[in-house]
Amino acid sequence: MFVGVVGVVRVVEVVGVVWVDEVVEVEAVEVRGEMASERASEGQASAEAEREELPFKRIFGKWDISEVQIRDIGMAKHISLAPVSALHTGGRHAKQQFAKSKVCIVERLINKMMRTEHNTGKKLKAYNIVKRAFDIIYERTGENPVQLLVDAIQNAGPREDTVRLRFGGIIVPKAVDVSSQRRIDQALLFIAQGAQRCAFKSKKSIAECLAEEIIAAARGAKCYAISKREEKERIAKAAR
């Protein structure tokens, strides 16, 4: 279309009518701008449609991860909420330092639930435990379970810890700041341990205990994960 307009402009210049040349040029620019805007809008619409059509945009096919917000800036780059087709990476990042940040945070919780002798190596069993726990969380709170899990991790991660320094023959504890990645590791460990301790010799299922632990940690209420964080921070404060 633009080439045809240019041809008309050349013919008009030969005839000598200058004002027609200016009008045609303005019309050509307007047509080109309208075409560019239409293409841009079509591209945005197609991109949004592709994102909506992703079958793995939701965790367990239910919980949308695009609406989850991370308030802690330090933890944001270590909590992965990228869409995945399956919560099973097969340990492909195990030999790469700090590559665990690329693993979906829900899968990392599933892996933490496999730490005891009852669940070791049973990925499908741990998967079903977390899936059922998320259903219980939604039934009791009506909120997105992934958002509550992220909030629980932010609240349960200790900000201070202690290391052991040797001065001659004396070992002295020293308070240190905890990195964001270790805070996430510790929070997931505390949540999993709290659920396992609650379910041991109890009538409650492990899924119910995990759901209660996540809800309590997300609300900042008294639970195993919060108590362990406070204990570590209290010891570190005494060792400053």
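Past 27 Å, Cα to Cα: identify those pairs from Lys57/Lys122; Lys122/Lys232; Lys95/Lys237; Lys95/Lys204, in the order given.
Checking Cα-Cα distances, Lys122/Lys232; Lys95/Lys237; Lys95/Lys204 exceed 27 Å.
Gain in length, Phe167 to Lys203, computed as 0.36 nm per residue apart minus the alpha-carbon separation, to one decimal in nm?
This chain segment gains 8.0 nm when fully extended.
In sequence order, what are the phi-derived ³J(HN,Hα) couplings for segment 85-99 according to the Karplus relation 6.51 cos²θ - 1.76 cosθ + 1.60 with θ = phi - 60°, rounded to whole Hz, with x for glycine and proline?
6, 8, 7, 7, 8, x, x, 5, 9, 5, 8, 9, 5, 6, 6
If contacts are Cα pairs under 8 angstrom and at least 6 residues apart, what is the relative contact order of segment 46-201 in percent?
Once normalised by length, the contact order is 20 percent.
I'd like the FRET efficiency for Arg182 and Lys57, computed as 1/(1 + (r/R0)^6) with the beta carbon distance as r and R0 of 25 Å, rounded to 0.05.
0.25
Let me spell out the model: positive unit charges on the Cβ of Lys and Arg, negative unit charges on the Cβ of Asp and Glu, origin at the Cα centre of segment 168-211. What dipole size does that give, in debye rounded to 20?
Value, rounded to 20: 200 debye.
Quick note: the coordinates plus some simple rules give every number you see, no bench work behind them. In this text, all values refer to a predicted model and were calculated from it rather than measured experimentally. Virtual Cβ from ideal backbone geometry, glycine too; neighbours counted across all protein chains shown.
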